[in-house]
Amino acid sequence: RIPAGVPAGVLATVAMDVAMVAAGVLGGSAFSSDRLGPDMIGRWAAGLLRGRWRRADISREPAQRGELALGLVTHYVTGVALTQAFLLAPPRWRGRRGFLAGTLYGISTAVLPLLMMFPSMGYGWFGLRSGEAGRLNRIMLVGHIAFGVGIGLWARGRSPLGLRRLT
């Protein structure tokens, strides 16, 4: 049996990606940055796998072989793990598992890139050392709101594509 976090996490992460791409298309440079693509996530993940936890500025480092694929896998595995954590959280913590709880949880997951990934990539907390902190924070907020909406829809039983919850 597949844990509910797998399809829910994939769909929530797809919602995040669609929202971020749409924001970049509709909002132009205010919602797009070369510092945040899946290739950068893959470059970062490859470094982590080799024990390299901090960078001066990952966007200025040479591309690594397979970084795009590794970035996509890292992004989706993280989305699935975070979604599964929400679905397995004790009822006392998550309250009534529904749309609002899922959306708020998704927004709260933005602290991970803002306070862990960005500093590790050399951008500083909230991207303050990147020279484009406002843009990076806007992109993260749009993505994580969409991620939370995806989780919220699934938790509420209204999953996209008509899929039923597996919980």
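The values are calculated or read from the model by the stated rules, or taken from the named source; none is laboratory data. As the structure is a prediction and not an experimental result, all values here were calculated from the model. With ideal geometry, Cβ positions are generated from the backbone for all residues, glycine too; neighbour counts draw on all protein chains shown. Just so you know, the surface numbers come from the protein's heavy atoms only, side chains and all, with ligands and any DNA or RNA stripped out. Shrake-Rupley method; radii C 1.70, N 1.55, O 1.52, S 1.80 Å.
Okay, residues lined up against (1) among the acidic types (Asp, Glu); (2) open to solvent by 70 Å² or more (accessible area, probe 1.4 Å); (3) modelled with pLDDT under 95:
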| position | (1), (2), (3) |
| --- | --- |
| 129 | no, yes, yes |
| 146 | no, no, no |
| 151 | no, no, yes |
| 165 | no, yes, yes |
Counting only residues that are open to solvent by less than 40 Å² (accessible area, probe 1.4 Å) and outside any helix (DSSP H, G or I), which one in the range 22-46 is nearest to residue 67 (Cα to Cα)?
37
Looking only at the range 131-144, which residues are under 14 Å from residue 13 (Cα atoms) and open to solvent by 40 Å² or more (accessible area, probe 1.4 Å)?
141, 142
Would you be able to tell me the number of residues in the range 1-21 that are outside any helix (DSSP H, G or I) and open to solvent by 30 Å² or more (accessible area, probe 1.4 Å)?
3
Taking residue 52 as the residue in question, decide whether it is open to solvent by 70 Å² or more (accessible area, probe 1.4 Å), more than 16 Å from the chain's Cα centre (by Cα) and among the charged types (D, E, K, R).
yes
Somewhere in the range 76-86, is a residue polar (S, T, N, Q), open to solvent by 50 Å² or more (accessible area, probe 1.4 Å) and within 21 Å of residue 155 (Cα to Cα)?
yes
Within the range 55-151, which helices (runs of 4 or more DSSP H) (wholly inside it) include 3 or more residues that are free of Cβ contacts under 8 Å to residues at least 40 places away in the same chain and over 16 Å from residue 38 (Cα atoms)?
91-94
